[in-house]
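Taking it in order: structure first as structure tokens, then the write-up.
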Amino acid sequence: MIITVPGDKSVTQRALIFAAIAEGPSRLRGLLPGADPVSTADALKALGAEVPALAVQEGETVVRGRGLRGLSAPDGPLDLGNSGTGARLLVGVLAGQPLRAVITGDASLSRRPMARVTRPLSRMGARFRFLLDEDRLPLEIQGGALRPLTYELPVASAQVKSSLILAGVVGGVSVLLSEPGRSRDHSERMLAAMGAVVRSGRSGECWRVELRDPPGRLEPLDLVVPGDLSSAAFLIVLALLGGAGRELSVRGVGLNPTRTGMLPVLERMGARLVVEAEAEQAGEPVGTITARAGELRATEIGAADVVAAIDEIPILSVAAARAHGTTRITGAGELRHKETDRIRALALNLRAVGAEAEELPDGLEIQGGDHPLSGTVDSLGDHRIAMAFGVLGALPGNDIRVRGGETVDVSFPDFWTRLAQLSLP
Ligand code: S3P
């Protein structure tokens, strides 16, 4: 069977935010109409950008940008819901706007660290106040004129990197960054399409990203958002584990090399995958991935794998629970700061359905097996935990109920329908 998946969440979020500060109308197609992009679009509207309701799949959305520093003060707090990318990137944009704004979020987002962006942005001259707890939303921002920044990110993070580069773009100042690993580069690619030059490259053990000459304006975008590999990953693993017939192809899916870290991991596990690259769409590589059902074996997943597979660890853990042998995942401490503490959520939920899994400080040890798994798990408000256990439950012989499954709306609104269709006996 050949399927497509909804638009990439990271690219959709960026397209909306970048279009809002471009000069003139941007034409965006294939946007993800999920809860996270809707929160971001609502926040941008409250800041004066013209953003219509997000069009589904083939439809076109035209966003009328306000220019680099043309956003207006919002009437009330900007509620970014569950969206870490929306919140952190907007903090960077607002740091360079001469206005005051407050950012809030849901319970999950309000537990996630924000000082990772406010600390370097304060060095650029923006002022911040955490209104309840240090390092957590709600956050008051007083933006204005900014100074250049040279900064080493303590952890590889595309959200932090993008936030700081955006501050440089709106503030018209240089931003020179280095990060300990190469995080996803959608912002760099999109800015290039808008006429801004962001240079990046290896520098010893680190990855350098530099905005040396901030542009005077951003050209509007004209782009098609690729399908989200992070959403496709759930259905690909379903197919590999025999839950979707003999073969499944996902076409039109993003193959940006900073995102495809799960593919070599699955290949080491013996997965039968074929990846066919097609033409680039607006600077993003796109293609088709075909997965064939077969036996999987355990592997070691280390820090070098994790950066480009950061959002796929939940579904790779499910694959590990159905593989031969013991899989050890390390170097994944960042998972503790996602929509929930994913290390804990995976260990607890795997054990709740009868699989063997141990928490490590920075990862997991998972004992694979093929005995039937059954029980109830909790999504803990995390879309990727819900979908990972949805896949595990859809495999022949397993019987798993996912509490809080509606959270899939964040990134893959029709996940449960698609899963039910694919896993029909
Ligand atoms: C994202 C970056 C990653 C990822 C998140 C989306 C982005 O987070 O986990 O789902 O769109 O930039 P970090 O940058 O915090 O690692």
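The values are calculated or read from the model by the stated rules, or taken from the named source; none is laboratory data. Quantities reported herein were computed from a predicted structural model and do not represent experimental measurements. Here the Cβ positions follow ideal geometry from the backbone for every residue, glycine too, while neighbour counts run over all protein chains shown.
Here the condition is being at pLDDT 95 or above, within 21 Å of ALA232 (Cα to Cα) and buried (at least 17 other Cβ atoms within 10 Å of the Cβ); of ALA319, ALA298, it holds for ALA319 alone. Which of the following residues is over 17 Å from the mean Cα position of the chain (by Cα), more than 30 Å from PRO98 (Cα to Cα) and assigned to a strand (DSSP E or B): LEU238, LEU248? Only one candidate qualifies: LEU248. Entry remark, the stretch 314-365: residues being over 19 Å from the mean Cα position of the chain (by Cα) and hydroxyl-bearing (Ser, Thr, Tyr) number 3 in total.
Note on the stretch 147-180: residues that are surrounded by 23 or more Cβ atoms within 10 Å (Cβ to Cβ), more than 11 Å from the ligand (Cβ to nearest atom) and aliphatic (A, V, I, L, M) amount to 8.
The residue list GLU247, GLU267, GLU276, GLU284 contains one member that is under 22 Å from GLN421 (Cα atoms) and either buried (at least 22 other Cβ atoms within 10 Å of the Cβ) or modelled with pLDDT of 95 or more (or both), which is GLU247.
Every residue, every condition in (1) under 17 Å from SER10 (Cβ atoms); (2) touching a Gly at 6+ places or on another chain (Cβ under 6 Å), yes or no:
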residue	(1), (2)
PRO52	no, no
GLY59	no, no
ARG69	no, no
SER72	no, yes
PRO77	no, no
ASN82	yes, no
THR85	yes, no
LEU89	yes, no
GLY92	yes, no
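Taking helices (runs of 4 or more DSSP H) as the structural unit, those lying wholly within the stretch 302-421 and holding at least 2 residues that are more than 21 Å from GLU267 (Cβ to Cβ) correspond to 342-352, 383-394.
Residue-by-condition table, conditions (1) of a type outside the set (Phe, Trp, Tyr); (2) touching a residue at least 60 places away in the same chain (Cβ under 8 Å); (3) under 23 Å from SER26 (Cβ atoms); (4) more than 15 Å from the ligand (Cβ to nearest atom):
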site	(1), (2), (3), (4)
ALA49	yes, no, yes, yes
GLY65	yes, yes, yes, yes
VAL91	yes, yes, yes, no
ASP106	yes, yes, no, yes
SER110	yes, no, no, yes
ASP135	yes, no, no, no
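Scanning the stretch 189-217 for residues that are of a type in the set (D, E, K, R), surrounded by fewer than 17 Cβ atoms within 10 Å (Cβ to Cβ) and not in a strand (DSSP E or B) gives GLU205, ARG212, ASP213, ARG217. Evaluating ARG129 against the criteria (1) away from the ligand (no atom under 16 Å from the Cβ); (2) in contact (Cβ under 8 Å) with a residue 60 or more places away in the chain; (3) touching an Asp or Glu at 6+ places or on another chain (Cβ under 7 Å) leaves one unmet condition, (2).
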